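K.L.:
Mind having a look at this structure? Questions to follow.
Quick note: the coordinates plus some simple rules give every number you see, no bench work behind them. None of the values given here were measured: they were computed from a predicted structure. A quick note on method: Cβ atoms are made from the backbone with ideal geometry, for glycine too, and the neighbour counts reach across all protein chains shown.
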Amino acid sequence: MINSDVIVIGGGFAGLMAAAVSAKRGKKVTLLTYGSGSFPLNSGLIDIMARPTDDAVCATPVEGINELPAEHPYKKIGTKILEDAVSFFMELCEEEKYPYSGSIDKHQWAVTALGTMKPSCLVPKTMLGDLCLKKQEIVLVGFNGLKDHYVNIMEENLEHCLGNKKNYTTVMIDTDIEDGRDITALDIARWLSTPHGYETCLRQLRSAVKANSVVILPQVLGLKHDYSIWEAMKKDLECDVMETTGLPPSANGLRLRNLLLNYLKKHNVTMVENAKVIHSTVQNNICRSITTKTAARERTYQSDHFILATGGFYGGGLQMENFPEIKEPIFNIPVQFEGKAEEWANEKLFSNQKQPFAEVGIHTDQQMRPLDVEGNCFLNNVFVVGRNLSGYDFCFEQSGNGVALVSAYQAAMSL
Amino acid sequence: MGTLEENPKGTADYCTACTSCITTCPVTAATSKFRGPKLVGPAQSRLNFAEPDAEESLEYCSNCKNCDISCPSGVAVSTLNMLQRGEYYRSHPHPLRDHILAHGEQMIKLARKLPFGSFFANLGADIGRKTGMLKMIGIASERPMPQYASKSFLEQFRSIKQTAYPNKVVFFPGCFINENDPDVGIAFVNVMQQNHYEVIVDENFICCGSPLVVTGYLDEAEANARKNTALIRKWTEQGYPILTCCTSCSLMLKQEYAELFDLPDLHENAKFVYDACEFLLDLHEKNRFDQKFSGKGGNYIYHAPCHLRVQGIGTPALELLSLVPNIVVENADAGCCGISGNYGFKEDKYEISMQVGQELFCRIKDSSASKVISDCGTCRMQIEHGSGVKAVHPIEVLSAAYQA
């Protein structure tokens, strides 16, 4: 039995943020992780809101939030707390010397690996796509051997987005990374972190890039959460330098993860890895303990509060073997889908409607405590955050990591 | 396809190829020769029925288990790799190098039957290293071979006069502590006695089989598992906890036996297997851990072995040591040390192994700590080799803290 003020279950962005806010408030935090969340899969951008109702992009993230239906997590939590959550995150990144840019009053447009412009909100300084609008010369950099980053497709799409009045150039860089497998962005990021790799790349860029251009690369400017490679390259090329979002594995997702883990370590959060939580012990609407299953035996952890950040169907926080029996395995929180089986998914993947299955999840009160089918709070010291919440489709709305951040902040402030 | 809990071998089908394992695999980061965890064990397990080809890069998996820690879907990635490797060696010959690295226990047991056996074994290894003979057969000449103790732990244990207590634990010393680092075993007996436990050692225990599994001698490993499991069952039937001071041994007994082999009693036995610090921390939580410390303390830096991190029990040594006055322990938190049992002893893996450990070595060298603490014997060897700083087992620090 380990005693804590709060146990956070889940090592994704919502879990790490909930642990960070709790620890900052002076709580004794134990973080139980099972897997590394979706950090390696997303680009570490904090999308807040771009498409609240249909496929039209709202004027600003905060205006989009106003258009949302009442059951959306943001609506329950409120704009004031959302602003506080954003400030907390921005200060945390500043403290870890990897400051993000952005605010809820303006979309930050990031360039994708396909050459489209994606609305986001809080982004690392290497991904501020607005720079493309200000520069005439755009240089698209690819790496020979790197999959999923094709500069010709990017050029075509960027021309479509930004107009053909700009000058587009493409450059392919040869790396001398040892043979053996397909190269990933992480391999190039490690290569650029060595003086040899950086010089080799710079030499090739210099011969192709005019000063005062904007140079767009895949996410390869290092794996550490600092801007040293980005700053050096800007200076050495006398250009603006930018990274795109891209397919997994994502360097910036890993930077964000390392940044948060570093913060948690400084704030004395106890971390138990590979800890699969299987059930809880509840008396009189109060959770007393939760139990993990290790290969050898079960272990019990006591705490005053519990934050559930186990994710949705992908992360295993919600499970469904037979429609429509949806299970939340740790606290047995009821999760329901109101429609018929054929209404579960919208078969038109790129339609102007949210996906019904994506909005399935746990209903909570304003403090993020789960509700039963009658809408009553039945677990007074349990708080639910991130992807296992109901009422939002992060993919459609482009609120990925945003709802996680805001709900995690609200839960940790409600303890 | 079984459920995750019932059939770890069937977990390949739970792999969604999400790439998390590739981002945390230290070997993938160190060399392009390894295609990455998801592309060997899990992918091969599913494709073998179609094409029985070997995947060359499987040789590069060190079984460090960071893939298992990062997997969101509960896939036993590293064990699938080891099963595939075992499968490969059913139809391919083993190099002599692997035979030597896998069978250290047999060799020293033979040597100890001769007068001054351990002395000549050490001398032989040293001469072999310096004359390039070890390099010739594929063992890294840059790396010092583990030195055999002049008296094994078992030999020394026989002459310890313990105070008898009704509470007893059974100690599984493992090859490294028994043959190379008996001081850890002696410190363990001391710590258990201080906490009013009597230590039983079953002299019939043999190597847990970890070095055999990672070199693809699965049948021999299974024979070891069968023998140890039967011996352990006799003790667990009487309710005795089984303790180890080696995280690779405890991982084998708790988890890998059950993942790799279909033997009776594995799950029942596992419930009684504890890492020594895990057991002592449980005692502390029952308010039964002796805290009469009087040692002079010190500054340490702690390295959590990957084979401990994967056990899902956190870092019990760090929590225990926080109870000792005057001792300051910083958590290195710098990932895998790189050696992974006998992996880093292989000539063609040595550089990878040192590259993986770089971050840890730097963290240790930058720290003001005078010694490193780590629960794993080969991690300690690697740390001393890579950083030049002395490394000890947490039980040795506790034992010293009890001494007036």
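K.L.:
Pull up the cross-link candidates among the lysines for A:LYS125, meaning alpha carbon to alpha carbon under 21 Å and not fewer than 8 places away within one chain.
P.N.:
Cross-link targets: A:LYS97, A:LYS106, A:LYS134, A:LYS135, A:LYS224, A:LYS234, A:LYS235.
K.L.:
Next question. Largest first, please: the extent of the C-alpha atoms of chain B along each principal axis, to the nearest Å.
P.N.:
Principal-axis extents of the Cα atoms in chain B, largest first: 64, 51, 44 Å.
K.L.:
Another question, then. So if I take the alpha carbon set of region B:153-283, get Rg, then get Rh from the Kirkwood formula, what is the Rg over Rh ratio?
P.N.:
0.95
K.L.:
Using a Cα-Cα cut-off of under 14 Å, which aspartates and glutamates could be cross-linked to B:LYS135, ignoring same-chain neighbours fewer than 8 residues away?
P.N.:
Those aspartates and glutamates meeting the cut-off are B:ASP98, B:ASP126, B:GLU347, B:ASP348, B:GLU351.
K.L.:
By count of other Cβ within 10 Å, fewest leading, how are B:PHE119, B:PHE205 ordered?
P.N.:
Ascending number of Cβ neighbours within 10 Å: B:PHE119, B:PHE205.
K.L.:
In addition: By the gyration tensor of its Cα atoms, with a ≥ b ≥ c the square roots of the eigenvalues, what is the shape of region B:145-199: rounded for a/c under 1.5, prolate for a/b over b/c, or oblate?
P.N.:
Here region B:145-199 falls in the prolate category.
K.L.:
Compute the relative contact order of chain B as a whole-number percentage, counting only Cα pairs closer than 8 Å that sit 6 or more residues apart in sequence.
P.N.:
Computed over chain B, the figure is 15 percent.
K.L.:
In square nanometres and to one decimal, what's the mean projected area of the convex hull around the Cα atoms of region B:8-90? Intermediate values should be presented prior to the final figure.
P.N.:
Numbers: hull surface 19.3 nm².
Quarter of the Cα hull surface area: 4.8 nm².
K.L.:
Pairs of Cα atoms under 8 Å, at least six residues apart: use those to get the relative contact order of region B:323-404, whole percent.
P.N.:
Details: 97 pairs, mean separation 21.8, N = 82.
Here the relative contact order equals 27 percent.
K.L.:
Give me the one-decimal nm value for the distance between modelled label points at A:ASN268 and A:LYS97, 7 Å along each residue's Cα-to-Cβ direction.
P.N.:
2.4 nm
K.L.:
Within 10 Å of each Cβ in peptide B:21-29, how many partner chain Cβ atoms are there on average? Round it to a whole number, please.
P.N.:
The shielding value for this peptide is 4.
K.L.:
Still on this structure: Report, for region A:102-247, the % of DSSP beta bridges that are antiparallel, rounded to 5.
P.N.:
Around 25 percent antiparallel, to the nearest 5.
K.L.:
Given the C-alpha atoms of chain A, compute the convex hull and give its volume per residue in Å³.
P.N.:
Per residue, the Cα convex hull of chain A comes to 151 Å³.
K.L.:
Roughly how many nanometres apart are two label points built 7 Å out from the Cα toward the Cβ at B:GLN355 and A:LEU349?
P.N.:
Placing both labels 7 Å along Cα→Cβ, they lie 3.6 nm apart.
K.L.:
Take every Cα-Cα distance within region A:158-285, group them into 10 Å bins from 0 onward, and report for each bin the whole-number percent of pairs it holds.
P.N.:
That works out to 10, 32, 28, 15, 8, 5, 2, 0, in percent per bin.
K.L.:
A further question on this structure: Would you mind counting up the charge near B:LYS349? Only other residues with Cβ under 12 Å from its Cβ, with Lys and Arg at +1 and Asp and Glu at -1.
P.N.:
That works out to -2.
K.L.:
Compactness ratio of region B:99-204: Cα Rg over 2.2 N^0.38 Å, N = residue count? Display every interim value, and only then the final one.
P.N.:
Working: Rg = 16.5 Å, N = 106, 2.2 N^0.38 = 12.9 Å.
Normalised by 2.2 N^0.38 Å, the Cα Rg of region B:99-204 equals 1.28.
K.L.:
In deg cm²/dmol and to the nearest 500, what is the mean residue ellipticity at 222 nm of the protein assembly as shown if only DSSP H runs of at least 4 residues count, each as -39500 (n - 2.57), divided by the residue total?
P.N.:
Details: 34 runs with 303 residues, N = 819.
Only helices count here, giving -10500 deg cm²/dmol.
K.L.:
What is the extension gain from B:GLN291 to B:GLN238, computed as 0.36 nm multiplied by their sequence separation minus the C-alpha to C-alpha distance, in nm to one decimal?
P.N.:
In short, 16.2 nm is gained.
K.L.:
In nanometres, what is the gap between the two model label sites at A:ASN167 and A:THR79, each 7 Å from Cα along Cα-to-Cβ?
P.N.:
4.4 nm
K.L.:
Using a 10 Å cut-off around each Cβ of peptide A:290-300, what is the average number of partner chain Cβ atoms that fall inside?
P.N.:
6
K.L.:
How far is the Cα center of region A:77-129 from the Cα center of region B:199-269, in Å?
P.N.:
That distance is 51 Å.
K.L.:
Once Rh for region B:288-351 is found with the Kirkwood sum over Cα pairs, what is the Stokes-Einstein diffusion coefficient at 10 °C and 1.306 mPa s, in µm²/s?
P.N.:
Using the Kirkwood radius from Cα pairs, D works out to 113 µm²/s.
K.L.:
Nearest 0.05, what FRET efficiency do A:ARG206 and A:LYS24 give at R0 = 41 Å with Cβ-Cβ as r? Let's see the in-between values first.
P.N.:
On the way: r = 44 Å, r/R0 = 1.07.
Here the calculated transfer efficiency is 0.40.
K.L.:
What's the long-distance tail for region B:256-392, i.e. % of Cα pairs beyond 25 Å?
P.N.:
In whole percent, the share of Cα-Cα pairs in region B:256-392 beyond 25 Å is 36.
K.L.:
Principal axis lengths of region A:76-200 from Cα atoms, whole Å, largest first?
P.N.:
Result for region A:76-200: principal-axis Cα extents of 51, 36, 25 Å.
K.L.:
Also, I was wondering about something else. For chain A, give the share of DSSP beta bridges that are antiparallel, in percent and rounded to the nearest 5; count only bridges with both residues there.
P.N.:
Here the share of antiparallel DSSP bridges comes out near 40 percent.
K.L.:
Provide the packing ranking of A:162-171, B:33-42, i.e. peptides ordered by the mean count of other C-beta atoms within 10 Å per residue, highest first. Let's see the in-between values first.
P.N.:
Details: A:162-171: 13.7, B:33-42: 24.3.
Output ranking for A:162-171, B:33-42: B:33-42, A:162-171.
K.L.:
Something else now. Compute the long axis of helix B:350-366 from its Cα atoms, compare it with the longest principal axis of the Cα atoms of chain B, and write down the angle in degrees, 0 to 90, nearest 10.
P.N.:
Long axis of B:350-366 versus the principal axis of chain B: about 40 degrees.
K.L.:
Here is a further query. Rounded to whole Å, give me the distance from the Cα center of region B:108-158 to that of region B:34-107.
P.N.:
When both Cα centres are located, 28 Å separates them.
K.L.:
Compute and list, largest first, the equivalent-ellipsoid semi-axes of the protein assembly as shown from the alpha carbon gyration tensor, each √(5λ) rounded to a whole angstrom.
P.N.:
For the protein assembly as shown, the ellipsoid semi-axes come out as 46, 33, 24 Å.
K.L.:
Nearest 5 is fine: what % of DSSP beta bridges in chain B come out antiparallel, could you say?
P.N.:
Expressed as a percentage, antiparallel bridges in chain B total about 5.
K.L.:
Moving on to the next point. Please compute, for peptide A:180-187, the average count of beta-carbon atoms on other protein chains lying within 10 Å of each residue's beta-carbon.
P.N.:
Per residue, the average neighbour count from other chains is 5.
K.L.:
Over 10 Å intervals from 0, what percent of Cα-Cα pairs in region A:97-150 sits in each interval?
P.N.:
22, 45, 29, 4
K.L.:
For the modelled label position 7 Å from the Cα of A:THR53 along Cα-to-Cβ, which residues of region A:68-82 have backbone nitrogen atoms closer than 13 Å?
P.N.:
A:68-70, by backbone N distance to the label point.
K.L.:
While we're looking at this one, here's another question. Hey, how many Å between the Cα centroid of region A:175-227 and the Cα centroid of region A:263-299?
P.N.:
41 Å
K.L.:
Tell me, what is the FRET efficiency for A:SER414 and B:GLU56 to the nearest 0.05, using R0 = 51 angstrom and their Cβ-Cβ distance as r?
P.N.:
Once rounded, the FRET efficiency stands at 0.40.
K.L.:
A further question follows. How high is the relative contact order of region B:121-182, in percent, counting Cα pairs under 8 Å that sit 6 or more residues apart?
P.N.:
Averaging sequence separation for qualifying contacts and normalising by length gives 36 percent for region B:121-182.
K.L.:
Could I ask something else about it? Give the lysines whose C-alpha is closer than 24 Å to that of B:LYS113, dropping any in the same chain fewer than 8 places away, or say none.
P.N.:
Cross-link targets: B:LYS151, B:LYS227.
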